Structures are given as structure tokens and as C-alpha cells.
Amino acid sequence: MNKVHISISVTVISIIVAATLLILSIAAFNLPAAQAATTGTLTITSNTVLTEDHYGNIIIAADNITLDGNGYTVTGNNSGVGVSLSERTGVTVKNLKIKNFATGVSVGGYSNNNDIIGNTITNNEWNGIGVGVGSRNNTIASNTIRNNLQYGIYLHITSGNTVTGNIISNNGNGVFLDTACDSTTVTGNTIINNGGRGLWLTISKGNTITSNTISNNTDGILLTSSSNHNTVTGNAVSDNDYGIYIFSSENNTLTSNSVSNNNRDGIRIWSSNNSLKGNVVSNNNIGILIQGSNNTLTDNNISNNNYGVWFLFPSYSKIYHNNFISNPTQVYFEDRGLGDLFNLPLPIGGNYWSNYDTPAEGCIDTNNNGFCDAPYVFSGGNDSLPWTRMNGWLKSGVITLTFQGYDYDNQDEVSILVNNQQVAVLPTTYSPHNNNLFANYALDISEYVVAGMNTLTFKQNIYSSGVRNLVIENSSTATTTTLYSNSTNYNLWIGGRESVTYSFSTSPFTLAFQGYDYNNRGEVSILVNDQVAYTLPTSYSPHNVKTYASYTLDISKYIVPGNSNTITFRQNMYSSAVKDVQVTHLGSIIYSNSTRYSIWIGGRESVTYTRD
């Protein structure tokens, strides 16, 4: 038997040796996993699934193909590029382990609409993934990127890309958008334990940074050098030196971020004309530091910092409708606070101050209008219309949460949080009658809700439960308005899905319209009051070529009630059209325009609607 086996092997080898070099390369590439790994340069021109490890680089040399690494490893010698795409379109690179190159994956040379998905990219001398000049509409998703010496992900002069769902850790820096990286979406990533910056933008505009977890970096999120008109929303930024740092960059919007336990400043604004709204800023040394002019702070919860807000110099900023809670120094001015405004005229008023909300502290409300009769005075300034209660500006209605909870039988089984503040822990007693049954619950959550966007979280503490038929309503003496409803049944259990989070708005404004030829990802940006609300379409959409598609968007957090508001459709590339624009507030139409407008680069590049 042994002799027969040897004879067959020699015959196979002889045939392979007699073949051309190309056939040899392909044969080696497709050997079973039991054979030795391939070496050198692999050039991929068709759909390919690896069947073994490879020592050397890979070049993608065709469009619209997939390289599936199948869990195998590509290893370099600490130089060159592991997998390179240049002037490529429609390529997918997935399921590869890539290590020990200068750059793990390079998407460059005007490469568009490619996907880098589900790879593990480690120990490279420069970048884990690099996206270079002129490359657009690429997606970097669900990769594990760690231990790269300079950057986990590096983008340079490129726009319309999406970075989503990646774990980016222990790199020199996490994600860097370096110069003219515009209309990029960075969402749902975990960016932790990087030696420098977690997420860094320089000279880049119109980007959306949302729903990322960013911790244990030097700077959590850093915007520098005229990185203007970016939206930073819904991120959890903790345990960095600086949480969110805006330097020499204007007209950025920071909303609904949780910024906590950072060593120095939770949010540092070293710039002008930025907006901070609905953020939860807690347990930092300084909650918010401001050096710059005409910044606006509204609807933020600023709590348990050593200093609530610190002003380096008079900044002519507006600070109202914020909750200042249990900061030993609520406000500190390094210089006199001339020009900073802590309240607007009635009925808007000022802020809530936890150390000035009872008669014993000097807050007396003789006419029961919700304001203290006397100003709240601090060194360097005062709030002439302090509110008597947290979120007092929302007092026009009672906001109620109703839902059905399943198997709520063990005491303190589930915590309910609004904007990361604990509202209730249920059930309050051991309740065997709820075993394996749904029970109805109703809670007043008015005290914890802020104007604009809010989050509601059910967090399992022990065992398991479920939640369904959730409704949030705003009730006044005249009407009851449903702000949010969700009938889905979510099961929660320790060791599995341990929490579920809903988002809702207290003043939902909706934009509906029809967009024509929305087929290239990131083709059109939609701005509300000069803030980028959405960039559409979110992915390459060939089904939209030369046809109308309907869109409905929540624009609540960008609307300024009582003021003139603008909505702008801005063309980023190629051409499109828009018609049948309609804005509704709580279901009622407040603006409509059926006119068709064509928009194209080099011609009419934007159209703006205004509602007074």
C-alpha cells in the first residue's frame, strides 16, 4: 500500500511541474488545508475562497468579485500591504486574518463601493485598514482591528464611506479621518484602549459620528483644524483623558452623548459656534470646558463633576435649559463671565440648579410659575430665571411610560433607565403571582425626560424577563399625544441580551419627500438649520437608478421650535432631484412643497426650503 501511495503522489507532482507557472500558482492556491501554505504574491481576478494560509501579499485585480478568507491567515514581513485594492469597484474582502504588514488592507486609487467585512487585522507596522485618495462609498464593517502601531483605520482625502460595527483596540490611534474626509458615517464601533486618539478628525466636514463606544484612549473623540459641520450623537464616551474635544472647529452638533468618568474634561470646546444638546455629562473632573464664543448649551444633564462648566474667558455663549446636579462647583470662570447668558426671557428661562431648588436654599416661587423669584448667583455671573425643578421647561405635560413586563416575579429583577438615569427597579417586592405571566406597568418619567431625543433602557439585573407593548405618552389638561410605541416582545436574560434600549423624541418632527436617482451611496446630504441630519442613500442602491424613492426621516433634534427653520438638500456627487417635500409635527402637516427641483454638481448644487 505504501508503494502505491508514493507512486500516485509522484505522478501528481510531475503533472503540476509540467504545467505553466499560472497553473502552478492556482493549484497551490487551491490545495487542501493539510498541504503547506502558499507564498509570494497572489493576484485575485475572480471569486475566490482560500483553503489555506498564505505568506505574502494579495492583490485584487478585478471588479465585482469576492475574496473569502474562510478564516485563514495572510502573513507578511512587516512591510508592504496585505490585501490591496487600487481603482477597484464592487469588491468584497471578508473572513481573513491579516497580520505583520505595513498596512493590513489598502483601499486606494479611486476605489469605490467596496466592502471590507468580518476580518481580523493585527500587528501591522502602520495601519490596520487604509482608505486613500479619491475612494468613495466603501464600507468597513464588523472587523476586529488591534495592535497596529499607528492607526486602526486611516482615511485620507476620501468621502462617503461607512465605518460600522468594528472592534478597534490597542492601536496607536483608533480611527483617523485625515483631511477632506467628508460625509463619512462612523457608527456602532467599539473603540477602546488605543494609546492616542480614539476617533480623530482633521480638516473634515459633514460627518456623522453616532452610537459608538469609546473608552480608555487619550482623547475619546477629537475634532481639529476646521473640522466643521459634523454631527456627534448617541456615543458613550468614558474613561479617556478628554472625552470629546473640539479644537478650532465650528458649527458642530453634539447631541445625546453619554460622557462620563473622563480624567480631565468630559467635553472640551476650544472653538466657536458649536451646539451641545441633550448630553449626559457626569463624573468627570470638568464636565464641560469652554474657550470660544457663541456656543450653545441646552437640555444637557451635567452632574457629579468636580466642576460643572468651566469658562476660560468670557465666551458670549448661551447656557439654558440644562440640569446642573451635584457638581461641587457648578460654574467656574477663570476670568469674569461678561457676555455669557444663563437664561433667556420668559417663558424660556434658565437652568435647574440642584443646590438652589428649595426655600432653605433661597429658591422661593411665590407665584407658582416654576421659577425661583430670586436669581441663582455664582462667582462671575448669575441665572436670573432658575427653574425650581429638574426639566421644569417640560412641565406642559406629564410623560407616562406604560408597558407589559413578563415574568416580573423576583424583587429588583429589572432596572428602567431614562437617559441613563434610573427611574425604577421592578418589581418592588417578590411577586410569585407574576411567574411566567405578563403584568401591566405605568410610570411617570417626566422628571427624567429632556427636550428632543431621549433613550429608555430596560436592564436585566437577575434571571430573565420580557417586555412588550411599550407606549410613551405626553398628557396635558387638553390632550394626550403618543410620542412613541413599540409592540415588539424583547426577551432579556443574564448572559445573553441583558438590556434593550428605545429612542424617542418629545417633539417629533418628520420630513418626508421623494428623491430621484438616489443610487450612489452618500450622494445627497440633508441639512436642517445648517446641520447635517442625514446623508443618503446609506448604501449603493442600483434599484433607485432613474426612479423616485420615498423617504421619511425624524428631524426632531435639529428643529428650533418657534423660530424660522431651513431644510437644505445638498448634492455631493453626480445629480439627483427632489419633490413632494412635507414636514409634519406630531402627525399634522406644517409645511409642504410639491415642486420638483433638479440638483447637480456644477449647476444647482443645493436647494433650501424655509418655514417661518
**Prompt:** Inside the stretch 341-370, can you point out the residues that are buried (at least 22 other Cβ atoms within 10 Å of the Cβ) and over 17 Å from N300 (Cβ atoms)?
**Reply:** Y356
**Request:** Go over the candidates D53, D63 one by one and state the one that is open to solvent by 40 Å² or more (accessible area, probe 1.4 Å), among the acidic types (D, E), farther than 25 Å from I157 by Cα and over 28 Å from the mean Cα position of the chain (by Cα).
**Result:** D53
**Item:** Criterion (aliphatic (A, V, I, L, M) and at pLDDT 90 or above) met by exactly one of V532, V581
**Value:** V581
**Request:** Being closer than 18 Å to S142 by Cα, open to solvent by less than 10 Å² (accessible area, probe 1.4 Å) and either touching a residue at least 60 places away in the same chain (Cβ under 8 Å) or assigned to a loop (DSSP other than H, G, I, E, B) (or both) is the filter here, so list the residues in the stretch 199-225 that pass it.
**Result:** N212
**Message:** So for the stretch 186-198 (the condition being over 23 Å from N419 (Cβ atoms) and open to solvent by less than 10 Å² (accessible area, probe 1.4 Å)), does at least one residue qualify?
**Reply:** yes
**Message:** Being out of contact with any His (no Cβ under 9 Å at 6 or more places or on another chain), of a type in the set (D, E) and open to solvent by 20 Å² or more (accessible area, probe 1.4 Å) is true for just one of D444, D383. Which residue is that?
**Reply:** D444
**Item:** Of the criteria (1) farther than 21 Å from N419 by Cβ; (2) in contact with a Ser or Thr (Cβ under 6 Å, 6 or more places away or on another chain); (3) surrounded by fewer than 20 Cβ atoms within 10 Å (Cβ to Cβ); (4) not basic (K, R), which one S315 fails
**Value:** (3)
**Request:** Identify all residues within the stretch 224-265 that are closer than 17 Å to W200 by Cβ and among the small types (G, A, S); write none if there are none.
**Result:** S225, S226, S227, G243, S248, S249
**Request:** Answer with yes or no whether S248 is touching a residue at least 60 places away in the same chain (Cβ under 8 Å), open to solvent by 20 Å² or more (accessible area, probe 1.4 Å) and of a type in the set (S, T, N, Q).
**Result:** no
**Item:** 3 or more residues more than 30 Å from D299 (Cα to Cα): qualifying strands (runs of 3 or more DSSP E) within the stretch 473-584
**Value:** 490-493, 509-516, 548-554
**Request:** Give the residues of the stretch 255-275 that are closer than 18 Å to F311 by Cα, open to solvent by less than 30 Å² (accessible area, probe 1.4 Å) and part of a strand (DSSP E or B), sorted by residue number.
**Result:** D265, G266, I267, I269
**Prompt:** Which residue pairs have Cβ atoms closer than 8 Å, lie 6 or more positions apart in sequence or on different chains, and pair a first residue in the stretch 114-137 that is open to solvent by 20 Å² or more (accessible area, probe 1.4 Å) with a second residue that is charged (D, E, K, R) and modelled with pLDDT under 95?
**Reply:** R136/R521
**Fill in**
Of those in the stretch 73-113 that are in contact (Cβ under 8 Å) with a residue 24 or more places away in the chain and at positive phi, the residue most open to solvent (accessible area, probe 1.4 Å) is Y110
**Item:** Flag if V545 is touching a strand residue (DSSP E or B) at 6+ places or on another chain (Cβ under 8 Å) and either aliphatic (A, V, I, L, M) or touching a residue at least 12 places away in the same chain (Cβ under 8 Å) (or both)
**Value:** no
**Message:** What are the pairs with Cβ atoms under 8 angstrom where one residue, in the stretch 418-437, is free of Cβ contacts under 8 Å to residues at least 60 places away in the same chain and the other, located anywhere, is hydrophobic (A, V, I, L, M, F, W, C) and outside any strand (DSSP E or B)? Sequence gap at least six, or different chains.
**Reply:** V418/I445; V418/V449; V423/I445
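The values are calculated or read from the model by the stated rules, or taken from the named source; none is laboratory data. The structure presented is a predicted model; accordingly, all values stated were derived computationally and were not measured. Note: ideal-geometry Cβ built from the backbone for every residue, glycine included; neighbour counts use all protein chains shown. Accessible surface areas use protein heavy atoms only, side chains included; no ligands, DNA or RNA. Shrake-Rupley method; radii C 1.70, N 1.55, O 1.52, S 1.80 Å.
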